Amino acid sequence: MKKNIFITVGQLARSAGILLLFLYLGRGIQYISHLPIPGSIFGLLLLFLGLNLRLVPLYYVLPTGSFLLNYITLFFVPVGVGLLQYSELLSTHWLTIIVSSVISTVATLISVGWLYQRFSK
């Protein structure tokens, strides 16, 4: 029983360590390049490449990844609360925000659908 707990804790620690490693690699790339792209995006792309090229086995990152996905809705609470600070700005520009959101959503749906049809042949 105790051995199983230590194995689980070890797997979670390894998984979290790998995710943090890619996060900080991405932040380092952003710091060095001074591009206006968040370091977390670079880290996510590096993790994607590492998983696709099979440099990092999926089962290494699965424990922490599954845990974070189970509670992903909690990560949106601070963002929603933060929007309350900008209620005056949002009430002034609500129409622009809604129109741009709808247009970008429709453009994304159309482009993804078109690309899927093109590449699935």
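The values are calculated or read from the model by the stated rules, or taken from the named source; none is laboratory data. Here the structure is a predicted model, which means the values were calculated and not measured. Cβ placement follows ideal geometry from the backbone for every residue including glycine, while neighbour counts extend to all protein chains displayed.
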Exercise. Scan segment 30-60 for residues that are over 17 Å from the mean Cα position of the chain (by Cα), assigned to a helix (DSSP H, G or I) and among the aliphatic types (A, V, I, L, M) and report the count.
Key: 1
Exercise. Within segment 47-56, identify whether any single residue is among the basic types (Lys, Arg) and at pLDDT 90 or above, and answer yes or no.
Key: yes
Quiz item: Does any residue of segment 68-87 turn out to be surrounded by 12 or more Cβ atoms within 10 Å (Cβ to Cβ) and either under 27 Å from Ile29 (Cβ atoms) or outside the structural domain of Leu12 (by TED's automatic domain parsing) (or both)?
Solution: yes
Exercise. Please work out if Ile98 is surrounded by 10 or more Cβ atoms within 10 Å (Cβ to Cβ), more than 23 Å from the chain's Cα centre (by Cα) and farther than 30 Å from Phe22 by Cα.
Key: yes
Exercise. Scan segment 44-61 residue by residue and report those that are touching a helix residue (DSSP H, G or I) at 6+ places or on another chain (Cβ under 7 Å) and loosely packed, with under 14 Cβ neighbours inside 10 Å.
Key: Leu58
